[in-house]
1. Need pairs with beta-carbon distance below 8 Å; first residue farther than 10 Å from residue 57 by Cβ and within the stretch 34-46, second surrounded by fewer than 12 Cβ atoms within 10 Å (Cβ to Cβ) and modelled with pLDDT under 95; sequence gap 6+ or separate chains.
2. Name the single residue that is surrounded by the fewest Cβ atoms within 10 Å (Cβ to Cβ) among those in the stretch 29-59 being assigned to a strand (DSSP E or B) and of a type outside the set (Phe, Trp, Tyr).
3. Exactly one of these conditions fails for residue 21: (1) modelled with pLDDT of 80 or more; (2) assigned to a helix (DSSP H, G or I). Give me its number.
Amino acid sequence: MDAAAAHPGGQPGHHGSRLEQVNALSPNNINNVRLERKRLAGRGFLAETDPDLFTQPRP
């Protein structure tokens, strides 16, 4: 296997795209999404059917 194939981006020293770095799952990002959903549920844009399970409300 050559060096380029050993790296995820195909190039040595390439560590993924900026989008992958920004959208990486971390406990902080997950909690921020959960809090945003809770806020939207409180305003009536989403319905919380079960704890931390959100859907769009029926008209």
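1. Every condition considered, the pairs that remain are 34/52; 37/52.
2. Applying the first criterion (assigned to a strand (DSSP E or B)) to the stretch 29-59 yields 47-50, 53-55.
Within this subset, residues satisfying the condition of being of a type outside the set (Phe, Trp, Tyr) are 47-50, 53, 55.
Values: 47: 13, 48: 15, 49: 11, 50: 7, 53: 9, 55: 11.
Among them, the one singled out is 50.
3. Of (1) modelled with pLDDT of 80 or more; (2) assigned to a helix (DSSP H, G or I), only one is false for residue 21: (1).
The values are calculated or read from the model by the stated rules, or taken from the named source; none is laboratory data. Quick caveat, the model's predicted, so the values are computed rather than measured. Neighbour counts run over all protein chains shown; Cβ positions are idealised from the backbone, glycine included.
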